[in-house]
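Before any comments, here is the structure.
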């Protein structure tokens, strides 16, 4: 009898332990092996920008963000923070283009060799706003073979230029898309495309001296290179195509995507699928003082895909659910992060109810970037701003993906 009792007790203990491990391993829960309870934080200074993260070949995590080093709100520089796979800070490198200037990172991409390119804008105390690029080595340091000490600036002819998207090509060239005001009433603002050689110099074979400024139906917020060498630019339910030399085409001709990069944090979180279709997580109204996200899939020609489930969602039931980042898993599932949480969808657009609670989880910080690691775990980058002090806290968190 005593032996039977001990056997039953042992089985119960085993069952409880198994249940605890099962709960711990549920997709959408914080990974306790990362940082403290699944998160790491860092002080970025006053009202700084957060972007996204990349997984390096050795498993380390590189985070791209803005970093404010002064007491003036919004005066920041580009920054790359590197963490071990367990969340320990390894290094922090900053890049500023002008002394006492304001350099805001907007988009980032990783090259095949592990270098990380960051694009944005920079403004000196007396200078006009310029397009800005920085390239960091896998070690976190600026790549001194790129531009001037790792930095490149370009001045479009339009006023108030703004960067929206970045693309690194398989041959190492870099394409930046943005806009610039015409400065004239009734004259539309042009789309600006700038193509750089791998060393950061302007590619003279593209546009005029490496720059295209063309009035277009849309200003692209996400870019892809197609198999014929042309470029597909998309923004919401609109798409346009430029030739490999920068000439705006009259129609979009579907081709295989050979390179792409998700959109930068915005109200239009966009990612390309391998066949050239793109998925957008957009902000939609959801009743009085409430917003929600909704998924849509479009063909390369911006035709809405009727076979894809248009899914309206909130993050953990929150009232303000603005999507800002989107990523694809290797199995086709779609992960969306935003102002108050994280959600995962099946490849057909339906919420993955096995993820967190009915497909989504609320977070106490605003997510700006999503990284799917090679093991399937999900790293998110976001921030919290103290309304009293204006201090921005960077949060990097890892959620179990399987």
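The values are calculated or read from the model by the stated rules, or taken from the named source; none is laboratory data. None of the values given here were measured: they were computed from a predicted structure. Cβ sites come from the backbone with ideal geometry, for glycine too, and all protein chains shown count toward neighbours.
Can you tell me which residue among 382, 332 is modelled with pLDDT of 90 or more and not in a loop (DSSP other than H, G, I, E, B)?
Answer to the selection: 382.
Between residues in the stretch 219-245 that are at positive phi and residues that are in a strand (DSSP E or B), which pairs lie under 6 Å by C-beta distance while being six or more apart or on different chains?
Pairs that qualify, where the first residue is at positive phi and the partner is in a strand (DSSP E or B), are 236/268.
Have a look at 398, 297 and point out the one that is part of a strand (DSSP E or B), at pLDDT 95 or above and closer than 30 Å to residue 80 by Cα.
Of 398, 297, the one residue that is part of a strand (DSSP E or B), at pLDDT 95 or above and closer than 30 Å to residue 80 by Cα is 398.
For residue 225, all conditions in the list (1) more than 20 Å from the chain's Cα centre (by Cα); (2) closer than 18 Å to residue 119 by Cβ hold save one; what is the number of the exception?
Of everything listed in (1) more than 20 Å from the chain's Cα centre (by Cα); (2) closer than 18 Å to residue 119 by Cβ, residue 225 misses just condition (1).
Condition test on residue 376, is it modelled with pLDDT of 95 or more and either over 21 Å from residue 87 (Cα atoms) or in a loop (DSSP other than H, G, I, E, B) (or both)?
yes
Could you list, in sequence order, the residues of the stretch 267-294 that are in a loop (DSSP other than H, G, I, E, B), touching a residue at least 24 places away in the same chain (Cβ under 8 Å) and farther than 17 Å from residue 221 by Cβ?
286, 289, 290, listed by residue number.
If you check residue 189 against the conditions, is it assigned to a loop (DSSP other than H, G, I, E, B), crowded, with 23+ Cβ neighbours inside 10 Å and in contact with a strand residue (DSSP E or B) (Cβ under 7 Å, 6 or more places away or on another chain)?
For residue 189, the condition - assigned to a loop (DSSP other than H, G, I, E, B), crowded, with 23+ Cβ neighbours inside 10 Å and in contact with a strand residue (DSSP E or B) (Cβ under 7 Å, 6 or more places away or on another chain) - is not met.
Mind checking whether some residue in the stretch 117-133 is more than 15 Å from residue 67 (Cβ to Cβ), part of a loop (DSSP other than H, G, I, E, B) and modelled with pLDDT of 95 or more?
Scanning the stretch 117-133, I find no residue that is more than 15 Å from residue 67 (Cβ to Cβ), part of a loop (DSSP other than H, G, I, E, B) and modelled with pLDDT of 95 or more, so the answer is no.
Which condition does residue 347 not pass, out of (1) closer than 23 Å to residue 260 by Cα; (2) buried (at least 24 other Cβ atoms within 10 Å of the Cβ); (3) without any contact (Cβ under 8 Å) to a residue 40 or more places away in the chain, if it passes all the others?
Result: residue 347 fails condition (2) only.
Out of all the residues in the stretch 46-65, is one or more surrounded by 13 or more Cβ atoms within 10 Å (Cβ to Cβ), outside any loop (DSSP other than H, G, I, E, B), more than 21 Å from the chain's Cα centre (by Cα) and at pLDDT below 95?
Checked the stretch 46-65: at least one residue is surrounded by 13 or more Cβ atoms within 10 Å (Cβ to Cβ), outside any loop (DSSP other than H, G, I, E, B), more than 21 Å from the chain's Cα centre (by Cα) and at pLDDT below 95.
Of all residues in the stretch 313-327, count the ones that are buried (at least 20 other Cβ atoms within 10 Å of the Cβ) and either in a strand (DSSP E or B) or on the phi > 0 side of the Ramachandran plot (or both).
Residues flagged as buried (at least 20 other Cβ atoms within 10 Å of the Cβ) and either in a strand (DSSP E or B) or on the phi > 0 side of the Ramachandran plot (or both) within the stretch 313-327 amount to 6.
Checking residue 264 against (1) more than 24 Å from residue 356 (Cβ to Cβ); (2) crowded, with 17+ Cβ neighbours inside 10 Å; (3) modelled with pLDDT of 90 or more: exactly one of these is not met. Which one?
Answer for residue 264: the failing condition is (3).
Being in contact (Cβ under 8 Å) with a residue 60 or more places away in the chain and assigned to a loop (DSSP other than H, G, I, E, B) is the filter; apply it to the stretch 137-171 and report the residue that is nearest to residue 94 (Cα to Cα).
Applying the filter and picking the extreme gives 140.
For residue 203, which of the numbered conditions (1) more than 25 Å from the chain's Cα centre (by Cα); (2) closer than 12 Å to residue 193 by Cα; (3) touching a residue at least 40 places away in the same chain (Cβ under 8 Å) fails to hold?
(3)
What tally of residues in the stretch 194-237 results from selecting those that are in a strand (DSSP E or B) and touching a strand residue (DSSP E or B) at 6+ places or on another chain (Cβ under 7 Å)?
18
Which numbered condition in (1) at positive phi; (2) surrounded by 21 or more Cβ atoms within 10 Å (Cβ to Cβ) is the only one that residue 100 fails?
For residue 100, the exception is condition (2).
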